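Engineer: Handing you this structure, nothing more for now.
The values are calculated or read from the model by the stated rules, or taken from the named source; none is laboratory data. Quick caveat, the model's predicted, so the values are computed rather than measured. As a convention, Cβ positions derive from the backbone with ideal geometry for all residues, glycine included, and neighbour counts pool all protein chains shown.
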């Protein structure tokens with residue numbers, strides 16, 4: 001039985017946090033005050049509602065004086081994934097001993113109170129997945145100098161990134177994605193040497209990527225996709241950000257070549273540079289470290305031909321957990337389809353759509369037993385669909401439309417029970433249409 005919805009607004013609940021004021025010596029007074037405030041919050045939040053077999057929420061919140069006191073309470077100001085709504089009153093800032101504040105996955109609205117900066121003991125502040133409006137308070141960077149995690153991801157905030165956030169010298173995670181920020185990225189963020197994750201994705205940020213960010217030698221994730229950044233990727237990025245595991249720069253306006261130094265990143269798992277204006281060849285060493293799992297380069301101005309440019313696919317075969325390779329929508333990629341693709345035996349998604357590749361599909365394509373999506377539409381691929389394709393039992397989508405393929409569709413392709421789309425219009429195919437044992441459609 002699911003618990004019934006709560007109708008009490010968080011404004012009225014959190015105002016009760018002010019109700020416990022005791023005249024006993026500090027720090028005992030502060031501790032008792034916090035405990036009483038939290039108990040009042042619980043009482044107002046759940047009231048006398050019956051929760052049936054699911055148990056009463058926050059059951060460990062009691063005044064029995066167990067080991068660790070209220071600091072050991074399960075979920076002690078982690079109120080994430082509930083149905084709380086309304087504004088957060090500025091008076092919440094009176095909980096100055098608070099170390100963790102997680103209000104994620106609710107429907108809070110209004111502005112983030114600047115007075116939260118009075119919670120000077122905070123180590124973690126997560127307010128992601130709510131409906132907060134207004135600006136990111138600059139006071140957070142001025143006073144919450146102990147913060148290790150600041151996540152405001154997926155709200156309706158506006159304005160710019162406060163330069164004061166550069167004062168958070170202990171910060172490991174800064175997540176400001178999907179909140180409609182504009183302006184430039186403050187260069188001061190490059191001075192937070194403890195930073196591991198920097199996520200500024202899907203805002204309206206512009207200008208260049210500050211050179212100071214390349215000084216973040218501990219950085220593991222750099223995610224600035226979905227902005228309007230106009231820049232070149234530093235040639236030394238792979239030497240200076242040597243711990244990178246995830247690099248997502250897609251949907252910006254990066255130009256120039258893909259730096260060769262990226263192939264030095266021994267921990268790199270996800271590299272997404274798609275939807276930019278990158279040009280030249282893909283570095284032939286790309287993937288030599290063996291760590292890559294996803295390489296997304298579609299919709300750029302990359303080049304390759306029969307003489308040069310496809311060597312990197314051979315290096316990718318070193319990546320034993322490589323599952324996703326998309327390089328379509330690059331008109332400058334020409335020449336024969338590289339036969340070395342048959343060595344990418346772990347790949348699940350493979351797309352060359354809207355490129356200038358030609359030649360035939362190798363029979364050894366059946367080596368790719370994990371393949372789920374095969375995209376070669378809008379290319380100059382010719383010859384026949386190899387009979388060996390029927391061995392690829394995991395195939396779900398085949399896109400061959402607007403190519404120069406001829407002959408017949410192998411009848412046994414209908415035995416691929418996971419296949420649900422065979423898109424082969426505007427080709428030179430003929431013969432009978434295979435019967436299907438699955439639930440698929442031919443387009």
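Engineer: Scan segment 214-229 and tell me whether some residue there is out of contact with any strand residue (DSSP E or B) (no Cβ under 6 Å at 6 or more places or on another chain) and either in a strand (DSSP E or B) or not assigned by TED's automatic domain parsing to the domain that holds residue 172 (or both).
Structural biologist: To start, the set of residues in segment 214-229 that are out of contact with any strand residue (DSSP E or B) (no Cβ under 6 Å at 6 or more places or on another chain) comprises 214-220, 224, 226, 229.
Filter again for either in a strand (DSSP E or B) or not assigned by TED's automatic domain parsing to the domain that holds residue 172 (or both), leaving 229.
Looking through segment 214-229, at least one residue is out of contact with any strand residue (DSSP E or B) (no Cβ under 6 Å at 6 or more places or on another chain) and either in a strand (DSSP E or B) or not assigned by TED's automatic domain parsing to the domain that holds residue 172 (or both).
Engineer: Looking at this structure, is residue 346 buried (at least 19 other Cβ atoms within 10 Å of the Cβ), at pLDDT 95 or above and part of a loop (DSSP other than H, G, I, E, B)? Reasoning before the result, please.
Structural biologist: Numbers: buried (at least 19 other Cβ atoms within 10 Å of the Cβ): no; at pLDDT 95 or above: yes; part of a loop (DSSP other than H, G, I, E, B): yes.
When the stated conditions are applied, residue 346 does not pass them.
Engineer: Something else now. Say whether the condition of being assigned to a helix (DSSP H, G or I) and either in contact with a strand residue (DSSP E or B) (Cβ under 6 Å, 6 or more places away or on another chain) or closer than 20 Å to residue 126 by Cβ (or both) is met by at least one residue in segment 169-181.
Structural biologist: First, the residues of segment 169-181 that are assigned to a helix (DSSP H, G or I): none.
No, segment 169-181 contains no residue that is assigned to a helix (DSSP H, G or I) and either in contact with a strand residue (DSSP E or B) (Cβ under 6 Å, 6 or more places away or on another chain) or closer than 20 Å to residue 126 by Cβ (or both).
Engineer: Looking at 285, 308, which one is more than 25 Å from the chain's Cα centre (by Cα), farther than 21 Å from residue 232 by Cα, assigned to a loop (DSSP other than H, G, I, E, B) and touching a residue at least 24 places away in the same chain (Cβ under 8 Å)?
Structural biologist: Matching residue, one of 285, 308: 308.
Engineer: Only one of (1) touching a strand residue (DSSP E or B) at 6+ places or on another chain (Cβ under 9 Å); (2) within 17 Å of residue 264 (Cα to Cα) fails for residue 324. Which number is that?
Structural biologist: (2)
Engineer: Could I ask something else about it? Tell me, please, whether a residue that is crowded, with 20+ Cβ neighbours inside 10 Å and outside the structural domain of residue 93 (by TED's automatic domain parsing) can be found in segment 158-165.
Structural biologist: No, that holds for no residue.
Engineer: Let me ask you something else. Evaluate the following for residue 172: is it buried (at least 19 other Cβ atoms within 10 Å of the Cβ) and modelled with pLDDT of 95 or more?
Structural biologist: no
Engineer: Next question, about the same structure. Applying the selection to segment 133-152, what residues are under 21 Å from residue 86 (Cβ atoms) and surrounded by fewer than 22 Cβ atoms within 10 Å (Cβ to Cβ)?
Structural biologist: Residues satisfying the conditions are 133, 134, 135, 137, 151.
Engineer: Then there is this: Quick one: is residue 150 modelled with pLDDT of 95 or more and assigned to a strand (DSSP E or B)?
Structural biologist: Criteria met by residue 150.
Engineer: Residue by residue through segment 101-132, note down the ones that are in contact with a strand residue (DSSP E or B) (Cβ under 9 Å, 6 or more places away or on another chain), crowded, with 16+ Cβ neighbours inside 10 Å and outside any loop (DSSP other than H, G, I, E, B).
Structural biologist: 101, 102, 108, 116, 124, 125, 126
Engineer: For residue 206, are the conditions met, namely being in a loop (DSSP other than H, G, I, E, B), surrounded by fewer than 20 Cβ atoms within 10 Å (Cβ to Cβ) and either outside the structural domain of residue 136 (by TED's automatic domain parsing) or touching a residue at least 12 places away in the same chain (Cβ under 8 Å) (or both)?
Structural biologist: On the way: in a loop (DSSP other than H, G, I, E, B): no; surrounded by fewer than 20 Cβ atoms within 10 Å (Cβ to Cβ): yes; either outside the structural domain of residue 136 (by TED's automatic domain parsing) or touching a residue at least 12 places away in the same chain (Cβ under 8 Å) (or both): yes.
In short, no.
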